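**Q** Below you'll find the structure I mean.
The values are calculated or read from the model by the stated rules, or taken from the named source; none is laboratory data. Please read all numbers here as calculations on a predicted model, not as lab measurements. Note: ideal-geometry Cβ built from the backbone for every residue, glycine included; neighbour counts use all protein chains shown. These area figures cover heavy atoms from the full protein model, side chains too; ligands, DNA and RNA do not enter into them. Shrake-Rupley method; radii C 1.70, N 1.55, O 1.52, S 1.80 Å.
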Amino acid sequence: MPHRRKRDLIIKGFSKLLKEDKLKIVADLMDNQLETIELLKSFWYADTEKQKIFDEFSENTITNFYIPYGIAPNVVVNGRTYLVPMVIEESSVVAAASSAARFWSERGGFHAKVKNTVKIGQVHFQWAGNKQKFVQAFDELRKQFRENTQSITANMEKRGGGILDFQLVDMRDKLENYYQINVSFETMDSMGANFINSCLEETAKTLQEFVKGYPAFEGKEKKVVIIMSILSNYTPDCLVKVWVECPFKDLENIDPSLTGEEFARKFETAVKIAEIDTFRATTHNKGIFNGIDAVAIATGNDFRAIEAAGHTYAARTGHYQSLSHVEIKNGKFKYWIELPLALGTVGGLTSLHPLAKHSLEMLGKPSAKELMMIVAALGMANNFAAVRSLVTKGIQQGHMKMHLMNILNHFKATEGEKDKAVAYFSSHKVSFAEVGEFIKNLRHS
Ligand code: MEV
């Protein structure tokens, strides 16, 4: 029996080891070292150049973790039809998005508009001095901020973006001597995180130098404590709205037991519940992010930043609620979603990840604004599909049908067994136990 590495061993310098050695350390924890190494290596790209790209995205990469890359066709946004790439492991999400996209494509498609694209960064600092003096000095300070960030902003300005403004915010009622410099940015087609953070760190340095040398400041006023300089992932002014509308008659036949109007009213009530009740709102919005995250990942965007902003926006009134809304007026069903989406179509992973690059090409190389509208439309498609199922046949029927393959794979079903199971379960309720029983019986006979 080979010597097994202890699980609680602290490993020094792991990042400096060769990839093969890292693999061995990981395999040492397992019962089957050789099989483990074989498994992890089986997910490497045969093309070593390609693998190197993935190795270098992150630290301590030992293999790749695959997630399906699917397509939602027939997504019509502002009259243009897209094939939208979605990267997601949950079996029913692409099917749900595709079905909703097709449904709305026959009813005028998704309408969308970007309301604003401003992003925010903050320098958080403490300063114990006479606020009035600081306010008086601020115009001069703002000029120096502009001058000193010029080398960083020059390229962005050529593209039409840059720093919009610097604002002093007094936060002393919340924390002793606490102020912020709030900096607003336009980052055009890039998400802009690195650009924003570089500008902020330069701004903090300028602030530090300024207070030291400003003639009107004396004693402790000559010292500022910079706490931190960082972008805010909350981007309430980088906002997109997507909506659909149709007369009740276009909602006939969604469910045999509901008229178009009854469906519209039931759907509206379900959305209202997500406006009132936080428990429901969280799941409702999770369904929206099923679509949003999947396109964000497929296009190389930071889905954690997007989720953080979306959930904060959902709680902006102090009460977490639905990101989508419904209005019924004059015999018409109007349904919309509005949320912040800080996306990029240049920089970051967008051109480095071969599939992110492909996704953007497939979408026709959209600007960040166009991508905001597409991504929000997919959030809405998934929300519509989920709520439509919930208020009619329930979610499990479709969900479990899509999950059937996962259950069959769990039982290591052969292709022949899968065909028989798919045929049988097209008219029977899918559950883990039922599928297990079905396979057992099949194997016995
Ligand atoms: C499942 O991933 C998402 C849903 O729960 C969303 C919803 O309930 O609205 C179906």
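**Q** Can you tell me the FRET efficiency between Arg102 and Ser351 if r is taken as the Cβ-Cβ distance and R0 is 41 Å, rounded to the nearest 0.05?
**A** The formula returns an efficiency of 0.85 here.
**Q** Can you give me the Cα centroid spacing of segment 191-249 and segment 267-289 in angstrom?
**A** Between the Cα centres of segment 191-249 and segment 267-289 lies a distance of 32 Å.
**Q** Output the 0 to 90 degree angle, nearest 10, between the alpha-carbon long axis of helix 19-28 and the longest principal axis computed from the alpha carbons of the chain.
**A** With both axes taken from Cα atoms, the answer is about 60 degrees.
**Q** I need the Debye-formula profile for segment 95-233: one equal scatterer per C-alpha, no solvent, reported as log10 I(q)/I(0) at q = 0.12, 0.21 1/Å, two decimals.
**A** Here the Debye-derived log intensity ratios amount to -0.56, -1.22.
**Q** Rolling a 1.4 angstrom probe over the protein chains, ignoring ligands and nucleic acids, what is the accessible area of Glu38 in square angstrom, nearest 10?
**A** Using a 1.4 Å probe on the heavy atoms, I get roughly 130 Å².
**Q** In addition: Evaluate E = 1/(1 + (r/R0)^6) for Asn253 and Ile276, where r is the Cβ-Cβ distance and R0 equals 25 Å; express this FRET efficiency to the nearest 0.05.
**A** Result of the calculation: an efficiency of 0.25.
**Q** Near Asn148, within a Cβ-to-Cβ distance under 13 Å, what is the net charge of the other residues, with Lys and Arg +1 and Asp and Glu -1?
**A** So the environment of Asn148 carries a net charge of -1.
**Q** Could I ask something else about it? What full-extension length gain, to one decimal in nm, is calculated for Glu209 and Glu89 as 0.36 nm per residue of separation minus the Cα-Cα distance?
**A** Here the answer is 38.1 nm.
**Q** On alpha carbon coordinates alone, what is the Rg over Rh value for segment 287-406, Rh being the Kirkwood radius?
**A** 1.02
**Q** Going by alpha carbons, how many degrees (0 to 90, nearest 10) lie between the helix axis of 303-314 and the longest principal axis of the chain?
**A** 80 degrees
**Q** Also: Given 0.36 nm per residue, what is the gain on full extension from Lys12 to Phe303 after removing their alpha carbon distance, in nm?
**A** Result: 101.6 nm gained on full extension.
**Q** Can you tell me the convex hull volume per residue for segment 102-168, based on C-alpha atoms, in Å³ to the nearest whole number?
**A** Dividing the Cα hull volume of segment 102-168 by its residue count gives 170 Å³.
**Q** While we're on this one: How far is it, in nm, from the label point at Ile67 to the one at Lys115 when both lie 7 Å from their Cα along the line to the Cβ?
**A** 2.8 nm
**Q** Next question. Please determine, in degrees from 0 to 90 and to the nearest 10, the orientation of helix 278-298 with respect to the longest principal axis defined by the Cα atoms of the chain, where the helix direction is its Cα long axis.
**A** 90 degrees
**Q** Work out the FRET efficiency for Val225 and Ser184 from their Cβ-Cβ distance, taking R0 = 25 Å, and round it to the nearest 0.05.
**A** 0.60
**Q** Ok, one more. Under the rule of -39500 (n - 2.57) per DSSP H run of 4 or more residues, summed and divided by the residues of the chain, what mean residue ellipticity at 222 nm is obtained, to the nearest 500 deg cm²/dmol?
**A** Helix-only estimate at 222 nm: -15500 deg cm²/dmol.
**Q** Please give the net charge around Cys246, taking every other residue with its beta carbon less than 10 angstrom from that of Cys246, where Lys and Arg add +1 and Asp and Glu add -1. Present the calculation step by step, with values, prior to reporting the outcome.
**A** Values: positive: Arg107, Lys249, Lys332, Lys334; negative: Glu106, Glu245, Asp250.
Charge balance in the 10 Å sphere: +1.
**Q** Can you tell me, using C-alpha contacts under 8 Å and at least 6 residues apart, the relative contact order of segment 399-444 as a whole percent?
**A** Across segment 399-444, relative contact order equals 51 percent.
**Q** Could you tally the net charge around Ser257, taking each other residue with its Cβ under 15 Å from the Cβ of Ser257, Lys/Arg +1 and Asp/Glu -1?
**A** Result for the local shell: 0.
**Q** Counting Lys and Arg as +1 and Asp and Glu as -1, each charge on the Cβ, what is the dipole of segment 173-215 about the Cα centre in debye, to the nearest 20?
**A** 160 debye
**Q** Which value, in Å², gives the accessible area per residue of segment 119-231 when a 1.4 Å probe is used on the protein heavy atoms?
**A** About 51 Å² of surface per residue is accessible.
**Q** Computing the accessible area with a 1.4 Å probe over protein heavy atoms, can you report the carbon and sulfur percentage for the chain?
**A** Working: 12600 of 23150 Å².
Heavy-atom surface of the chain belonging to carbon and sulfur, 1.4 Å probe: 54 percent.
**Q** In Å, what Rg and Dmax follow from the Cα atoms of segment 374-431?
**A** 14.4, 40
**Q** Can you bin segment 4-55 into rounded, prolate or oblate? Criterion: square roots of the alpha carbon gyration tensor eigenvalues sorted a ≥ b ≥ c, rounded for a/c under 1.5, prolate for a/b above b/c, oblate for the rest.
**A** oblate
**Q** Continuing with this model, one more query. Consider all pairwise Cα distances in segment 319-373 and report the whole-number % of them above 14 Å.
**A** 65 percent
**Q** Using only the Cα atoms of segment 342-421, construct the convex hull and provide its projected area averaged over every direction, in square nanometres to one decimal.
**A** Computed as one quarter of the Cα hull surface, the answer is 8.3 nm².
**Q** How much accessible surface area, in Å² rounded to 10, belongs to the heavy atoms of Thr48 with a 1.4 Å probe?
**A** 100 Å²
**Q** Which residues among segment 387-428 fall inside the zone where the amide N is under 19 Å from a point 7 Å beyond the Cα of His444, along Cα→Cβ?
**A** Output list for this probe position: 411-414, 417-418, 420-421, 424-425.
**Q** Return the ratio Rg/(2.2 N^0.38 Å) for segment 399-444, where Rg is computed over Cα atoms only. Before the final figure, lay out each step's value.
**A** On the way: Rg = 9.1 Å, N = 46, 2.2 N^0.38 = 9.4 Å.
Against the empirical 2.2 N^0.38 Å value, I get 0.97 for segment 399-444.
**Q** To continue, here is another question. Could you work out the relative contact order of segment 71-223? I mean the mean sequence separation of Cα pairs under 8 Å and 6+ apart, divided by the number of residues, in percent.
**A** Working: 199 pairs, mean separation 35.8, N = 153.
Relative CO of segment 71-223 lands at 23 percent.
**Q** Right, another one. Taking 0.36 nm per residue of sequence separation and subtracting the Cα-Cα distance, how much length would be gained by fully extending the chain between Lys332 and Lys158, in nm to one decimal?
**A** Difference between extended and current length: 58.1 nm.
**Q** Using the Cα centre as the reference, give the magnitude of the dipole from point charges on the C-beta atoms of the chain (Lys, Arg: +1; Asp, Glu: -1; all else neutral), rounded to the nearest 20 debye.
**A** The dipole magnitude comes to about 280 debye.
**Q** Run through every distinct alpha carbon pair of the chain and return the Kirkwood hydrodynamic radius in angstroms, one decimal place.
**A** 25.6 Å
**Q** Which residues does the label zone of Arg316 cover in segment 222-240, counting backbone N under 20 Å from a point 7 Å along Cα→Cβ?
**A** Only 231-240 fall inside the zone, counting backbone N under 20 Å.
**Q** Find the relative contact order for the chain and round it to a whole percent, using C-alpha pairs within less than 8 Å whose residues are 6+ positions apart.
**A** 17 percent
**Q** For the pair Glu140/Gln167, report the inter-label distance in nm, with labels modelled 7 Å from Cα in the Cβ direction.
**A** The modelled label-to-label distance comes out at 2.5 nm.
**Q** Also, quick follow-up: Taking segment 147-213, which trypsin sites (Lys or Arg not before Pro) meet the DSSP loop condition and have no more than 14 other C-beta atoms within 10 Å?
**A** Arg159, Arg172, Lys174
**Q** What whole-number distance in Å separates the alpha-carbon centres of segment 96-156 and segment 315-331?
**A** About 25 Å separates the Cα centre of segment 96-156 from the one of segment 315-331.
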